[in-house]
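The values are calculated or read from the model by the stated rules, or taken from the named source; none is laboratory data. The model shown is predicted, which means the values in this text are computed figures rather than measured ones. Ideal geometry is used to build each Cβ from the backbone, glycine not excepted, and the neighbour counts take in all protein chains shown.
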């Protein structure tokens with residue numbers, strides 16, 4: 001299987017004649033594009049259904065519902081329908097809050113940097129792992 005990197009695609013976009021894609025890279029790019037288009041189609045269909053079913057409401061309802069679905073997924077982590085419910089609710093809340101995918105991506109990049117700097121306890125399966133707060137950094 002061929003893998004294609006973000007950097008390789010950026011090089012191709014800057015100068016396609018000098019940085020042509022191999023057949024394998026073309027196929028991988030087509031596979032990625034098709035998966036993205038399928039995901040966007042279901043996202044659009046869900047948004048249309050959600051708006052007609054729940055009306056013009058904000059993101060709080062879907063976020064509260066998400067906590068319920070997360071507990072259900074924790075009880076049955078192999079049940080993909082629970083994972084689908086959580087994804088639908090995240091998409092719905094994001095859309096209703098007016099937050100773009102680009103904004104989420106930037107926030108995720110920023111948050112990952114913060115999380116990588118934090119100290120974490122040893123992993124323990126089935127238990128949440130909260131970062132270790134530094135002395136004097138707690139609001140309590």
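Here are some notes:
- A single member of 102, 93, 107, 97 is under 18 Å from residue 50 (Cα atoms) and within 13 Å of the chain's Cα centre (by Cα), and it is 93.
- The lone exception for residue 58 - which of (1) surrounded by 12 or more Cβ atoms within 10 Å (Cβ to Cβ); (2) touching a helix residue (DSSP H, G or I) at 6+ places or on another chain (Cβ under 6 Å) it fails: (1)
- Segment 62-95, residues that are touching a helix residue (DSSP H, G or I) at 6+ places or on another chain (Cβ under 8 Å) and free of Cβ contacts under 8 Å to residues at least 24 places away in the same chain: 69, 70, 72, 73, 76, 79, 82, 83, 85, 86
- Count of segment 52-61 residues which are assigned to a loop (DSSP other than H, G, I, E, B) and either under 25 Å from residue 128 (Cα atoms) or touching a residue at least 60 places away in the same chain (Cβ under 8 Å) (or both): 1
- Boolean, residue 111 is closer than 27 Å to residue 4 by Cα, surrounded by 10 or more Cβ atoms within 10 Å (Cβ to Cβ) and free of Cβ contacts under 8 Å to residues at least 12 places away in the same chain: yes
- Matching residues, segment 6-19, being surrounded by 10 or more Cβ atoms within 10 Å (Cβ to Cβ) and either in contact (Cβ under 8 Å) with a residue 24 or more places away in the chain or within 28 Å of the chain's Cα centre (by Cα) (or both): 8, 9, 10, 11, 12
- Within segment 20-48, being modelled with pLDDT of 95 or more and either touching a strand residue (DSSP E or B) at 6+ places or on another chain (Cβ under 8 Å) or surrounded by 12 or more Cβ atoms within 10 Å (Cβ to Cβ) (or both) holds for 39, 42, 43, 46, 47.
- The requirement of being surrounded by fewer than 14 Cβ atoms within 10 Å (Cβ to Cβ), in contact with a helix residue (DSSP H, G or I) (Cβ under 8 Å, 6 or more places away or on another chain) and free of Cβ contacts under 8 Å to residues at least 40 places away in the same chain is not satisfied by residue 98.
- For residue 49, the criteria (1) assigned to a loop (DSSP other than H, G, I, E, B); (2) over 18 Å from the mean Cα position of the chain (by Cα); (3) over 19 Å from residue 100 (Cβ atoms) hold in every case but one, which is (1).
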